[in-house]
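Participant: Just passing along the structure, written as structure tokens.
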Amino acid sequence: MNISPTAKNYLLVWGAIFLYAVIAAILVQLVILPYLLPGMHWGHGMLIGLDSPMYHKLAAALSNKIATDGWGSWELRPDGQAPAGISAIMYVLTVPEPWTLIPLYAAVHATTAVMAVAIIRQFTQAWFVPLIAAAPLVFFPSSLTWVTQPYKDGFTILGTLLVVYSVSQVLVKEVKWKEAAVLTLYFFVGCVFIWIMRPYLTRVVMSPIIAVLGPAMIALQHIVLQRSGQPTANFRQVAIKTSTIAVMLVAMYSFPNSGGAAKVGVKTATGKCSGVINIRENFIIASPNARSGVDTDIEFESCADIIAYAPRALIVGLFAPFPPEWFKTGTLPSYTYMIRESAMEMVVVYFALAFLPLFAWRNRMRFDMWFIVAFSVAMLLILTIVIPNLGTLYRMRYGYLLTLVALGVAEAGARLKFKTDK
């Protein structure tokens, strides 16, 4: 069996990141927490202050129930938590310890790295640039949360990158029906990963964004190329692209918006934009004393209030935590560590985002680039509006913000490569 050089490179990336993730998880769970940082160790390799201990307890209880009553008692989201349902399967097949999950979460992280590299390689044939561009997403210390602990974010980020990659490929390539089918499969698998962990993201949040951006990018690309006198896609290509995105949307919208974690359900605004208002207020009500709250004093009463807050939300989504917050002390040692960790990461984020406008200008005729940027920004905006808690937002926005960071780093890397090649 002959494997192309490109496929070999992707396999090397996958293997290297898988090995890194396995070693990191083993060290954290079995060495660092129990022996070097026992004050931050909950037990079983779990970090105090995170949701992972809760997932472990739910999974252990469910695995015991399965052992007694059979597989018919298994559920995907016990108490609304999918990581517990997935962990329970591994616990039944092996032993009820989180270290049994290390290969699974390492494989998810390695596949995420491959997808990040694949997205950047749309804009360059060199391997150096996409490798360094993907590095922040793969190696930021905060990613160790879902590499070394059972968590939702690894699956969600992988699903997001699969969705972004498949749609952007449809936009940029001359797609044949067979390719369209493969890309639709990637898209569907990405939706499955997202839906398992956060079902509301697929149908309620992502599908309207893609429904607007997908056809808009196809139409704009045709208009711009036509006005500039360049060749435009023929009717068959437009039909394939439009049909593919339509099928993707049907697939995404087919996932039920149910099965998530229990909601607080205190705020009961009605009318237009009531869903956004209720979710935001419920976050505030659920954690009235949260030190990571952001703009919790701002209340929404109407759609106009949400629109007025949007510019501020975009700033928070892109740049928070701001420098004055980098030196605060958390209520737990693990929280203080996360604050310092986020400070180091935000330095890289600021650097990368400074290059993002240059990347956009250099690729201004690439409508796949505009889709990636617009989709990421739209998701950041929505999440920041509804989640006034920076600790939660930091994880939830990771896949979208780090995609923009990857584009910025790609531009910096391309410029560095150009200078060294001269």
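The values are calculated or read from the model by the stated rules, or taken from the named source; none is laboratory data. Bear in mind the structure is a predicted one, so any value in this text is a computation, not a measurement. Heads up, the Cβs are rebuilt from the backbone with ideal geometry, glycines too, and the neighbour counts pull from every protein chain shown.
Participant: Which pairs have Cβ atoms under 6 Å, sit 6 or more apart or on different chains, and link a residue in the stretch 394-417 that is touching a residue at least 12 places away in the same chain (Cβ under 8 Å) to one that is charged (D, E, K, R)?
Facilitator: Listed by first residue and then by second, the contacts come to Arg395/Asp153.
Participant: So which of Leu161, Leu144 ends up being touching a residue at least 12 places away in the same chain (Cβ under 8 Å), assigned to a helix (DSSP H, G or I) and surrounded by fewer than 21 Cβ atoms within 10 Å (Cβ to Cβ)? Explain how you work it out, then say what you get.
Facilitator: Values: Leu161 fails: surrounded by fewer than 21 Cβ atoms within 10 Å (Cβ to Cβ).
Going through Leu161, Leu144 in turn, just one is touching a residue at least 12 places away in the same chain (Cβ under 8 Å), assigned to a helix (DSSP H, G or I) and surrounded by fewer than 21 Cβ atoms within 10 Å (Cβ to Cβ): Leu144.
Participant: I'm trying to understand the selection: among the residues of the stretch 301-341, which are of a type in the set (Asp, Glu) and either surrounded by 14 or more Cβ atoms within 10 Å (Cβ to Cβ) or under 26 Å from Glu411 (Cβ atoms) (or both)? Show your work before the answer.
Facilitator: Step one: filter the stretch 301-341 for residues of a type in the set (Asp, Glu), giving 301, 305, 325, 341.
Passing the criteria: Asp305, Glu325, Glu341.
Participant: What is the one condition in (1) at pLDDT 95 or above; (2) surrounded by fewer than 16 Cβ atoms within 10 Å (Cβ to Cβ) that Tyr105 does not satisfy?
Facilitator: (2)
Participant: Oh, and also: Looking at Tyr398, Tyr394 in this structure, which one is buried (at least 20 other Cβ atoms within 10 Å of the Cβ), within 19 Å of Ile157 (Cα to Cα) and touching an Asp or Glu at 6+ places or on another chain (Cβ under 8 Å)?
Facilitator: Working: Tyr394 fails: touching an Asp or Glu at 6+ places or on another chain (Cβ under 8 Å).
One residue alone meets the criteria, Tyr398.
Participant: Among helices (runs of 4 or more DSSP H) lying entirely in the stretch 331-422, which contain 3 or more residues that are of a type in the set (Phe, Trp, Tyr)?
Facilitator: Numbers: elements: 333-362, 367-386, 390-396, 398-421.
In the stretch 331-422, 333-362, 367-386, 398-421 are the helices (runs of 4 or more DSSP H) which contain 3 or more residues that are of a type in the set (Phe, Trp, Tyr).
Participant: Also: Checking Val31 against (1) of a type in the set (A, V, I, L, M); (2) within 27 Å of the chain's Cα centre (by Cα); (3) at pLDDT 95 or above: exactly one of these is not met. Which one?
Facilitator: If we test Val31 against (1) of a type in the set (A, V, I, L, M); (2) within 27 Å of the chain's Cα centre (by Cα); (3) at pLDDT 95 or above, just (2) comes out false.
Participant: Can you tell me which residue is modelled with the highest pLDDT among those in the stretch 50-88 that are of a type in the set (Val, Ile, Thr) and over 24 Å from the mean Cα position of the chain (by Cα)? Please lay out each step first, then the result.
Facilitator: Step one: list which residues in the stretch 50-88 are of a type in the set (Val, Ile, Thr), which gives 66, 68, 86.
Applying the additional criterion that residues be over 24 Å from the mean Cα position of the chain (by Cα) yields 66, 68.
On the way: Ile66: 97, Thr68: 94.
Out of the qualifying residues, it is Ile66.
Participant: From the residues in the stretch 342-388 that are under 30 Å from Val276 (Cα atoms) and of a type in the set (Phe, Trp, Tyr), which one is surrounded by the fewest Cβ atoms within 10 Å (Cβ to Cβ)?
Facilitator: Result: Tyr350.
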